[in-house]
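The structure appears below as structure tokens.
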Amino acid sequence: MGIRTIVHVDMDAFYASIEQLDAPELRGKPVIVGADPKSGNGRGVVSTCSYEARKFGVRSAMPVSQAYRLCPEGIFVPGRHKRYSELSGIVMETLSEFSPLVEGVSIDEAFLDCTGTEGLFGPAIQLGKKIKARVRERTGLTASAGIAGCKSVAKIASDYNKPDGLTVVPPGGEKDFLAPLPVERLWGVGPKTAARLKQLGYNFVRDVAKTPKEDLERLLGRWGAHIYELANAIDPRPVAPGWQRKSISEETTFESDTDDLKFLRDVLTGICESLSQKMLRENLKGRTLQFKIRLTGFETFTRSHTLPSPVFDMHTLREFAWDQLERFDRKGKAVRLIGVGVTEFAEDDAEPQMDLFASVESNQKSKGKGVVETSEGQTREEKGQPGNAAPNEAVDRLIFAMGEKFKGKVKRAVIRPRGTDGRMPRLLRQSEHDDQKET
Ligand code: TTP
Ligand code: MG
Ligand code: MG
């Protein structure tokens, strides 16, 4: 592979900057996006905060109560996810002006392969300046960019001089750039691996880089080889275009810790319903289900389970979540947070075997405005296998489609095999879906 020009762009304090963009009175102030701090008694976590708030030590994922203690004068705001994804879309669109190879890695960051664009945009430093200026022009927000010959170094470079930074690592300069950085800066080295490395006497990237690969493998197992390569700026991974969400999840932090099993199950049901609708909207199906639980004292556990084929239906999610909740040994402790997630997205490979015919009653019935009759415009055909997960998916799809159509609650969805007579169709599931809900 020849020398590449890989750019990594990451927006600065993304959610908080958007809040400051939309409300000028927040500019220059410590803005903290996340759960309601409730005068220090709030129970959720911080999503992110403005750089003004970071001076006080506030960070992403910190409990809001702690953020409140560190920064009582902070302006706490709840998140507006629709607005954030809208701007994320504009950012990604803007980046695609610079290369057809743009890989979104999260809501606020992307890789671009700009190899061979010197003629158009000039040398790397000019390219970086142009990208940042264009993002600013189109969104009013600042981004930081890193440019290097591979993804892992570009990623570290974009973070090197935040906010509003631009760091260009010249071809061949990658190892020198990485050498003095602490090991935790390596992309993919989490807190646990970093602690282990330090325990073994590897504090800086240079310490890892000069150790023979075999020694690292012996000390760290399979990870050893990977870490050796990262430290030596060996990363041939291509920029894979397309925005690819890698996981989706939802969680709830309780007002006060609870051990009420019925309540916990109800909360899980709500989470699974909402997750399933989101997955449907984004056309996602995942093979690995995750359950997260946080107990009194902030101890957090996750459990995951991989299925033979990908799912998104709320029944499967709920069955999994309820089962995990029941099995989890809390050692008598109450629950502070629970959540469910799905990863390992994949195409569905189940064979559809039977056409199903569907009809829906909307909530207009309950308002006395009459039932939505099953007729051309109000039915949808779904494919599925009776008795398996598929009909559930079909019902979820249907409720979603009807919810969009009637702009409100869909009270009931019914599915019956196509071609049966006009008698009352078999009811597979009842559901309330409020489509106005912020997702
Ligand atoms: P990041 O890019 O990690 O952080 P950031 O953009 O807020 O700040 P930085 O300048 O350091 O890049 O994450 C992007 C957004 O994702 C962030 O604005 C909010 C959201 N997020 C969470 O909701 N929870 C988290 O724990 C993290 C890390 C991010
Ligand atoms: Mg960011
Ligand atoms: Mg980011």
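The values are calculated or read from the model by the stated rules, or taken from the named source; none is laboratory data. Predicted model, so just to flag it, every value in this text is computed and none were measured. Cβ atoms come from the backbone with ideal geometry, glycine included; neighbour counts cover every protein chain shown.
When region 234-265 is examined, which residues are found to be of a type in the set (D, E) and surrounded by 13 or more Cβ atoms within 10 Å (Cβ to Cβ)? Within region 234-265, D235, E250, E251, D257, D259 qualify. Return the pair list, or none, for Cβ contacts closer than 9 Å from residues in region 154-180 that are at positive phi to residues that are within 13 Å of ligand 1 (Cβ to nearest atom), at least 6 apart or on different chains. If the second residue must be within 13 Å of ligand 1 (Cβ to nearest atom), the pairs left are D164/D12; D164/T142; D164/A143; D164/S144. Residues that are polar (S, T, N, Q) and within 15 Å of the chain's Cα centre (by Cα) number at least 1 in the following strands (runs of 3 or more DSSP E) confined to region 274-347: 286-295, 335-345.
This table checks each residue for (1) surrounded by fewer than 17 Cβ atoms within 10 Å (Cβ to Cβ); (2) more than 15 Å from ligand 3 (Cβ to nearest atom); (3) small (G, A, S).
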{"site": "K55", "(1), (2), (3)": "yes, yes, no"}
{"site": "A67", "(1), (2), (3)": "no, yes, yes"}
{"site": "F76", "(1), (2), (3)": "no, yes, no"}
{"site": "K82", "(1), (2), (3)": "yes, yes, no"}
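Against the definition (surrounded by 17 or more Cβ atoms within 10 Å (Cβ to Cβ), within 16 Å of ligand 3 (Cβ to nearest atom) and under 24 Å from the mean Cα position of the chain (by Cα)), how does I32 come out, yes or no? The answer is no for I32. Just one of the listed residues (V189, V267) is in a loop (DSSP other than H, G, I, E, B) and either without any contact (Cβ under 8 Å) to a residue 12 or more places away in the chain or out of contact with any Cys (no Cβ under 9 Å at 6 or more places or on another chain) (or both), namely V189. Selection of region 183-201 for residues being of a type outside the set (A, V, I, L, M, F, W, C) and in contact with a Lys or Arg (Cβ under 9 Å, 6 or more places away or on another chain) yields only E184.
In region 95-141, what residues are hydroxyl-bearing (S, T, Y) and more than 16 Å from ligand 3 (Cβ to nearest atom)?
Initial filter on region 95-141 (hydroxyl-bearing (S, T, Y)): 96, 99, 106, 115, 117, 139.
Answer for region 95-141, where residues must be hydroxyl-bearing (S, T, Y) and more than 16 Å from ligand 3 (Cβ to nearest atom): S96, S99, T115, T117.
Among the conditions (1) surrounded by fewer than 19 Cβ atoms within 10 Å (Cβ to Cβ); (2) among the small types (G, A, S); (3) touching a Pro at 6+ places or on another chain (Cβ under 9 Å), the only one that A23 does not satisfy is (3).
You will find that of K55, K29, K38, the residue that is within 14 Å of ligand 1 (Cβ to nearest atom), of a type in the set (K, R) and out of contact with any Phe, Trp or Tyr (no Cβ under 8 Å at 6 or more places or on another chain) is K55 and no other.
Filtering region 286-315 to residues that are buried (at least 20 other Cβ atoms within 10 Å of the Cβ) and touching a helix residue (DSSP H, G or I) at 6+ places or on another chain (Cβ under 8 Å) leaves G286, L289, F291, I293, V311, F312, D313, M314. So is A124 within 16 Å of ligand 2 (Cβ to nearest atom), under 24 Å from P236 (Cβ atoms), in contact (Cβ under 8 Å) with a residue 60 or more places away in the chain and crowded, with 16+ Cβ neighbours inside 10 Å or not? No: the conditions fail for A124. Across region 111-125, a minimum of one residue is classified as in the same structural domain as R54 (by TED's automatic domain parsing), within 21 Å of the chain's Cα centre (by Cα) and at pLDDT 95 or above. Within region 175-189, can one find any residue that is among the acidic types (D, E) and away from ligand 2 (no atom under 16 Å from the Cβ)? Yes, the conditions are met somewhere in region 175-189.
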